[in-house]
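What follows is one structure encoded as structure tokens, with my remarks underneath.
Here, each number is a calculation from the coordinates, and none is a lab measurement. Fair warning: this is a prediction, and the values are worked out from it, not measured in the lab.
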């Protein structure tokens, strides 16, 4: 995940701001198109995190939510402002996910066969021109989206036939494309099962591989203590930018 530039935060702004700035500078300077997936609530919805969210709401005179956690808007606002300044963002897609039943929370749930029968998505596109330009306005905009999510999910789980409103009456589906995707996923499943099994067998049979695994595990552990491969990469990428600006 570090190698793929997943964003890991401490959720303490004094520690996260510098890392976020380095990350956003790299995104802005990169010629590649950017797709940034964000979870402003910052964690999974469960009993303890709902308690934290409720305490935050009471402290800030906000409504209590039953289906979502209150978003921590500072990181969201900071990212939007920096990407907007760098002309690297043209739209935000607000995605709400609803599960019919068998909500899958952990990897162990998958192994137990506890997999959702249906997953519903509500997707709404907002052009960057529709968003406020000031920080306070962006904070309010993000909070309003979460209020709408709470209402949307309340209606979703309050009905027998689960669906978001409005319901799309007809969708043209390319059956050939759908079948190709199914075949690809089946092939992918077989590949990973076989390759994972082979790796386990080789580790059991070869002490050299076990030592190699231990060695690389220690290396990545030390790198993580030093900030992680993501920070090492970002420092290397942003150093030329710092030199050109000085």
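Side notes on the structure shown:
- Using only alpha carbons, the range 84-138 has a radius of gyration to Kirkwood radius ratio (Rg to Rh) of 1.23.
- Kirkwood Rh, angstrom, the range 33-170 [1 / mean 1/r, Cα pairs]: 16.8
- Distance from the alpha carbon centroid of the range 1-78 to that of the range 196-242 works out to 26 angstrom.
- Within the chain, helix-based [θ] at 222 nm, where runs of 4 or more DSSP H residues each add -39,500 (n - 2.57), nearest 500: -19000 deg cm²/dmol
- The chain - Kirkwood radius from inverse mean 1/r over Cα pairs (Å): 22.0
- Inverse of mean 1/r across different Cα pairs in the range 1-96, Kirkwood, Å: 15.0
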